[in-house]
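Notes to accompany the following structure.
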Amino acid sequence: MALQKLNLTIRRGATNIIPIRVESSTWKYAQITGVEQSAPLRVTAVEHGIPDGWRAAMMNLALVGDFAAQNNPPKDADLRAVVVVDADTVEFNAINGAGFKAYASGGQLAYREPLNLSPFNGVRMDVKEKVGGEPILSFSEGDGLRLDGITNAVWFEPTIEQSLVLAAKTYVFDIELLRTGGGVEPICSAESQLTVTPEITTTE
């Protein structure tokens, strides 16, 4: 599958904790049975199976207009983070659906199945000024990165000291999973970007 281009932002001199959801290439679909005229938009899909914070797209659902997926299968631009309300309901926090037409029938929630992280025992990431450049900063399992099989995520947790190594600008990076017994699997494109924002308060 085409690897997702990630865009991460951290602040110099601050505590930064960012979950990166690790998606597989397998698409899953949950049949929509209800859409509330609410803010935020609330969608019912019985036993949807979507993890909290995951990305999902609304397909074949004309009443949400441009918020519906424009591609089949969905592309990155079609996917939006969801908040899980319960096993049958999710919210799209960034969408105000109060003015939408009343739901009649049809539609699906489409999302990529979480990647099983149990075959992996490590993760690594290099930050560079450009593709092919020299690493400015490297992260690994227990050193700014953490594999979490429960949430199907890689947690990016650079220390304050690590954040200060990077000048305030935009860099490129990718992240690779290390398979137990050998093998490397990238989880994002080599054009993924890490933006470092400046700090003003430096008084200790």
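The values are calculated or read from the model by the stated rules, or taken from the named source; none is laboratory data. Keep in mind that this is a model prediction, so the values were computed, not measured. Heads up, the Cβs are rebuilt from the backbone with ideal geometry, glycines too, and the neighbour counts pull from every protein chain shown.
Structure notes:
- The stretch 161-180, subset part of a strand (DSSP E or B) and of a type in the set (D, E, K, R), residue nearest to the chain's Cα centre (by Cα): Asp174
- Scanning the stretch 65-101 for residues that are assigned to a strand (DSSP E or B) and of a type in the set (Asp, Glu), we see that the one that is nearest to the chain's Cα centre (by Cα) is Glu91.
- Candidates are the residues of the stretch 57-86 that are modelled with pLDDT of 95 or more and among the charged types (D, E, K, R); the one that is farthest from Ser38 (Cα to Cα) is Asp78.
- Given (1) in contact with an Asp or Glu (Cβ under 8 Å, 6 or more places away or on another chain); (2) farther than 29 Å from Tyr171 by Cβ, number of the condition Ile17 does not satisfy: (2)
- Number of the condition not met by Trp27 [criteria: (1) assigned to a strand (DSSP E or B); (2) closer than 20 Å to Asp143 by Cα; (3) not hydroxyl-bearing (Ser, Thr, Tyr)]: (2)
- Filtered residue count, the stretch 159-189, keeping only those that are surrounded by fewer than 16 Cβ atoms within 10 Å (Cβ to Cβ), in contact with a Leu (Cβ under 8 Å, 6 or more places away or on another chain) and within 17 Å of Ser138 (Cβ to Cβ): 3
- Taken over the stretch 102-131, residues that are under 29 Å from Thr180 (Cβ atoms), under 17 Å from the mean Cα position of the chain (by Cα) and in a strand (DSSP E or B) amount to 6.
A quick yes/no check of all residues on (1) β-branched (Val, Ile, Thr); (2) touching a Pro at 6+ places or on another chain (Cβ under 7 Å):
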position	(1), (2)
Lys130	no, no
Gly133	no, no
Ser138	no, no
Gly142	no, no
Gly149	no, no
Ala153	no, yes
Thr159	yes, no
Lys169	no, no
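- The set of residues from the stretch 1-34 being out of contact with any Lys or Arg (no Cβ under 8 Å at 6 or more places or on another chain), at pLDDT below 95 and polar (S, T, N, Q) comprises just one member, Gln4.
- Some residue of the stretch 48-56 being more than 12 Å from the chain's Cα centre (by Cα), of a type in the set (Asp, Glu) and under 30 Å from Ser118 (Cβ atoms): no
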